[in-house]
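Let me begin by presenting the structure, written as structure tokens, before commenting on it.
The values are calculated or read from the model by the stated rules, or taken from the named source; none is laboratory data. Not measured: the values here are computed from a predicted model. Here the Cβ positions follow ideal geometry from the backbone for every residue, glycine too, while neighbour counts run over all protein chains shown.
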Amino acid sequence: MKHLLFLSALALMTLASCSPRLTPLTKSLRQENGWSENELSKIQFYLSEDLILSRQRNRGTTEIVQGRVRVENGRDIEEVIFKRGTPGVVLFTPKGDNLAIGFDARDDSKFLVFGPNPKQRGRYTLLASDWTRYKGKVTYAGNTWQVSASNADINLLLDLKKRGTTETRVKQETGRRL
């Protein structure tokens with residue numbers, strides 16, 4: 001039984017060491033590395049959480065009959081779902097430190113804009129216009145979409161492998177006597 005537990009723990013540690021170590025992109029990380037727009041376009045980014053964009057395509061028709069409102073055809077709602085870990089790449093930098101991240105393999109007009117958020121220690125989070133208590137508005141594929149306010153904390157992640165050597169020189173003082 002102990003051998004089985006040991007082997008299970010060893011297998012789990014081996015798998016964990018092989019999986020990518022995703023780190024949030026921050027303004028300071030970008031500045032420390034001095035990444036240009038061209039270099040950023042070569043980095044694979046990932047979403048930290050699930051994201052759902054929704055928009056109402058048409059409202060249908062309404063009729064007022066004998067003081068009552070009658071809705072025909074209801075509402076037509078369209079959604080775009082991005083699962084946690086969805087890969088994306090930098091398409092361009094719209095302004096300042098912001099990044100336009102494309103998630104569609106074929107259409108460069110389908111992108112979301114992320115920027116450093118001072119409230120999250122400079123992490124790159126989803127940028128939206130008109131954040132209210134419950135929702136925000138983003139532009140995606142040339143249309144305006146709504147996102148839940150809970151999506152305001154979505155971060156851009158990257159696989160960061162720190163390499164290099166650290167040289168440490170140790171000298172032990174023997175002391176000084178009279």
Return yes when Lys161 is under 28 Å from Lys42 (Cα atoms), out of contact with any strand residue (DSSP E or B) (no Cβ under 9 Å at 6 or more places or on another chain) and in a loop (DSSP other than H, G, I, E, B) and no when it is not. yes
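Which residues, counting only those in the stretch 109-154, are basic (Lys, Arg) and either in a strand (DSSP E or B) or within 13 Å of the chain's Cα centre (by Cα) (or both)?
Arg123, Lys135, Lys137
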Subset tally (residues that are surrounded by fewer than 20 Cβ atoms within 10 Å (Cβ to Cβ), under 18 Å from Thr93 (Cβ atoms), charged (D, E, K, R) and touching a residue at least 24 places away in the same chain (Cβ under 8 Å)) for the stretch 104-129: 1
Please work out which one of (1) closer than 21 Å to Glu39 by Cα; (2) in contact with an Asp or Glu (Cβ under 8 Å, 6 or more places away or on another chain); (3) β-branched (Val, Ile, Thr) is the condition Ile154 fails and give its number. (1)
For the stretch 130-143, check the following and say yes or no: at least one residue is modelled with pLDDT of 90 or more and under 22 Å from Glu32 (Cα atoms). no
